[in-house]
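Structure, as structure tokens:
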Amino acid sequence: MKAARRSVAFFSGLLLYCFCAGVAMKYASMGLPRQIYIQLGGRNSLPVMLGEAVGTAVVLFLIAIAWGYFTLRPARRRHRPYVAWMMSGVGVAWAGWLIFGAFSFALKPRAYSAPLQSMLLSSNAAPLFGALNIFGVIGGVWGAGLLARRKQTSLPSTRSRRRPVDELAMTEVERDSTVSSLGPQSVAPPN
């Protein structure tokens, strides 16, 4: 069962990051209303891009904390949350997206002329697909792990409690002081 919970946490982390990358790309393609861009200096200005990146990271943090808590919450007190396994799934998914982004970046020569702030902050720009997104997802999983640990400690213990040593010693003394009910055999065994 422990291996099953570990693998569920790992694959849940992998799927979580892929889902969050898709949500971030969808959000980046929608954008904000045009009036807001005009007031803040255009779509490619640093305040707008930084605001969108932070907003996207906050949305991903909230998704990750809900998803992570649903995955990591223990059913019994002895089931500990496997946060490290879920984080490793997120790490593998991030590495996969980074490799995909590197190939995508290399195949599109127009991307070399994109400004650095666009490559770092935009969720649509390869190779990073939004540098703050990974921090939002990792922070959400870490927060979910803290909530799951708190839930685990609040659950009742499922193991039987041991008797105190003094009580155990008293029962042994009482057994020694009683008279045995077995007496000597009254009938001799056959020869």
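For this structure, a couple of remarks:
- Being of a type in the set (A, V, I, L, M, F, W, C), open to solvent by less than 30 Å² (accessible area, probe 1.4 Å) and either farther than 26 Å from SER12 by Cβ or in a helix (DSSP H, G or I) (or both) is a description that does not apply to MET119.
- Within the range 46-64, the set of residues being open to solvent by less than 80 Å² (accessible area, probe 1.4 Å) and not aliphatic (A, V, I, L, M) comprises GLY51, GLU52, GLY55, THR56, PHE61.
- The residue list VAL179, VAL173 contains one member that is modelled with pLDDT under 60, in a helix (DSSP H, G or I) and surrounded by fewer than 10 Cβ atoms within 10 Å (Cβ to Cβ), which is VAL173.
- The lone criterion from (1) closer than 19 Å to ALA4 by Cα; (2) open to solvent by less than 60 Å² (accessible area, probe 1.4 Å); (3) modelled with pLDDT of 90 or more; (4) of a type outside the set (Ser, Thr, Tyr) left unmet by PRO74 is number (3).
- Test: residue in the range 23-45 that is over 17 Å from GLY136 (Cα atoms), open to solvent by less than 40 Å² (accessible area, probe 1.4 Å) and aliphatic (A, V, I, L, M): no
The values are calculated or read from the model by the stated rules, or taken from the named source; none is laboratory data. Predicted model only: the values in this text are computed from it and were never measured. Positions of Cβ are generated from backbone atoms using ideal geometry, with glycine treated the same way; all protein chains shown enter the neighbour counts. Each accessible area value is taken on the protein alone, full model and side chains, heavy atoms only, with ligands, DNA and RNA left out. Shrake-Rupley method; radii C 1.70, N 1.55, O 1.52, S 1.80 Å.
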